[in-house]
Amino acid sequence: MTIITDLAQIKQLADQRQDDFAVMGYMLQREQMTDAELDALVDAIAAPIIAAIDCTGCANCCRVLDVYLTPDDAERLQPAVDVPLSQIIEHDAAAQVEEWGMFRARPCRFLRGTLCAVYPHRPETCRTYPALTPDFRWTIADSIAGAAVCPIIYNVLARMVDEAERLSRQSG
Ligand code: SF4
Ligand code: SF4
């Protein structure tokens, strides 16, 4: 299995393969397997890819993505920062999620090179990313949108294109 990690190549390939990914999503919508079965398949495909990719040498998500902060996140994070959180976050009216904030800066102000300076205190958004499961079938649009950013997502979706074709052949 070839795993691509070069970020420029990932972006180019992800942009080129948007239609492939969309067709894969459509094919999976039609599959008879349950959501749990599909999630298990995605997890099985993702596990060796996650193991092979070193996030501490990438950090692309920390450079470009929105990071949301819940009240629980803020409580966990505050002891690790030397300024009030109000200086770091803004309330995200566009997201229409009351009481949630969003880090103002991108790249994230806690990124040091490719490492997180507040790793034990990081928000749930960071802990769960790239969050391909649960509900892969119903969140696939988010995954496709993230394929140009995250090597884990790109490589899993590329494998899932092959899996969707295999499943389609099997079900005739
Ligand atoms: S808090 Fe840490 S893990 Fe989260 S985006 Fe910032 S640097 Fe990355
Ligand atoms: S989650 Fe994806 S984008 Fe973030 S550091 Fe890991 S491989 Fe890179």
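A compact table of results
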item: Matching residues in region 124-133 - criterion: being under 15 Å from C61 (Cα atoms), outside any helix (DSSP H, G or I) and either away from ligand 2 (no atom under 16 Å from the Cβ) or at pLDDT 95 or above (or both); result: Y129, P130, L132
item: Filter pass, V64 being in contact (Cβ under 8 Å) with a residue 40 or more places away in the chain, more than 9 Å from ligand 1 (Cβ to nearest atom) and not small (G, A, S); result: yes
item: Residue that is modelled with the highest pLDDT, among those in region 65-86 that are of a type in the set (D, E) and under 14 Å from C108 (Cβ atoms); result: D73
item: Residue match in region 97-116 (condition: assigned to a helix (DSSP H, G or I) and more than 30 Å from E37 (Cβ to Cβ)); result: no
item: Tabulated pairs, region 6-20, first in the same structural domain as Y154 (by TED's automatic domain parsing) and without any contact (Cβ under 8 Å) to a residue 24 or more places away in the chain, second among the small types (G, A, S) and exposed (fewer than 12 other Cβ atoms within 10 Å of the Cβ), C-beta under 8 angstrom, 6+ apart or interchain; result: none
item: Only listed residue being more than 16 Å from ligand 1 (Cβ to nearest atom), assigned to a helix (DSSP H, G or I), under 14 Å from D20 (Cα atoms) and out of contact with any helix residue (DSSP H, G or I) (no Cβ under 8 Å at 6 or more places or on another chain), chosen from A141, A145; result: A145
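Here's the yes/no breakdown for (1) closer than 29 Å to Q12 by Cβ; (2) not aliphatic (A, V, I, L, M):
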site	(1), (2)
R63	yes, yes
Y68	yes, yes
Q78	no, yes
D82	no, yes
I89	no, no
G101	no, yes
S171	no, yes
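The values are calculated or read from the model by the stated rules, or taken from the named source; none is laboratory data. No experiment lies behind these values; they were computed from the predicted model shown. Backbone-built Cβ (ideal geometry, glycine too); neighbour counts: all protein chains shown.
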